[in-house]
Amino acid sequence: MSNRIIIFTAVLIFAGFSFASDANKPDVEQIVQKANLAAYYQADDGKAKVTMTITDKKGEIRNREFVILRKDIADGADQNYYVYFLRPADVYRMVFMVNKHTLPDTDDDRWLYMPALDLVRRIAAGDKRTSFVGSDFLYEDVSGRNLAEDVHELVDSNDSVFVVKNTPKKPDSVEFSYYTVRIDRRTSMPMRMEYFDKTGRLYRIIESLQVKDISGFPTVTKSKVSDLNSGSSTIMEFSDVQYNIGVGDIFTERYLRKPPADVRR
């Protein structure tokens, strides 16, 4: 057998291994879809009480307490969020509401009601990646980023996790160049997100610190955001988590000033 035939045969063999590997490779779009469902779409609706602890670089602490309600229009598609603040006094009765839209190039509708001014403010699409009530979480973190805004690439996997790299399709619209997500293979829950700036430097981390089974649904009950630039961090702890409670149609501007009774406690 000539050297040329040997080389050609070797190429075919390695090509065959490559094709087999690609055939067995998990589909990254299915991975991110499942992770999105696990993180934001458990059951048809839900309610939880949230305690937020904000710690600045000097170690000084501020707290927030609020109730969050969610109602899905359809799994993986449009949904609504309603956040009612209980404490401290300077945010008491403040309401943040989201009508989430998942069609490509469609912005979510976000409102903030500030009772001290009796003012309803529409949050512009360009502000979705700004601080949520002075914390290290962003407005976009609360209801999730639209999957259609990024290109997804499976960059690593093992028996425990998938690692997905997400690159924005419109890089000028965001402050990051890309972010990676470590996804638990068993629960499909995103466990760690790392954001890299335009120079490729890690500057922001979101972690799921505690996941519990609640009513048969894997649920993040403690999460943390760390801002490596400012040195601050924010922890959110979820309690009294309930699913499929029949959340009503409260996601209109009417209920910003007059919240329903079941969120005021």
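Annotations for the structure displayed:
- Some residue of the range 222-245 being of a type in the set (D, E, K, R) and touching a Leu at 6+ places or on another chain (Cβ under 8 Å): yes
- Odd one out for S188 among (1) free of Cβ contacts under 8 Å to residues at least 24 places away in the same chain; (2) outside any strand (DSSP E or B); (3) small (G, A, S): (1)
- Residue within the range 223-244 that is within 16 Å of K49 (Cα to Cα) and assigned to a loop (DSSP other than H, G, I, E, B) present: yes
- Residue in the range 8-31 that is at pLDDT 55 or above, within 30 Å of R87 (Cβ to Cβ) and assigned to a helix (DSSP H, G or I) present: no
- Sole exception among (1) in contact with a strand residue (DSSP E or B) (Cβ under 6 Å, 6 or more places away or on another chain); (2) at negative phi for H101, by number: (1)
- Matching residues in the range 115-130 - criterion: being farther than 24 Å from K169 by Cβ and in contact with a helix residue (DSSP H, G or I) (Cβ under 9 Å, 6 or more places away or on another chain): P115, A116, D118, V120
- The range 123-169: number of residues that are touching a residue at least 24 places away in the same chain (Cβ under 8 Å), in a loop (DSSP other than H, G, I, E, B) and either surrounded by fewer than 18 Cβ atoms within 10 Å (Cβ to Cβ) or of a type outside the set (D, E, K, R) (or both): 10
- Among the candidates S173, S157, residue that is more than 23 Å from N80 (Cα to Cα), out of contact with any helix residue (DSSP H, G or I) (no Cβ under 6 Å at 6 or more places or on another chain) and at pLDDT below 95: S173
- Meets criteria (surrounded by fewer than 18 Cβ atoms within 10 Å (Cβ to Cβ), touching a residue at least 60 places away in the same chain (Cβ under 8 Å), closer than 24 Å to S208 by Cα and in contact with a Gly (Cβ under 8 Å, 6 or more places away or on another chain)) for K57: yes
The values are calculated or read from the model by the stated rules, or taken from the named source; none is laboratory data. None of these values were measured; they are calculated from a predicted model. As a convention, Cβ positions derive from the backbone with ideal geometry for all residues, glycine included, and neighbour counts pool all protein chains shown.
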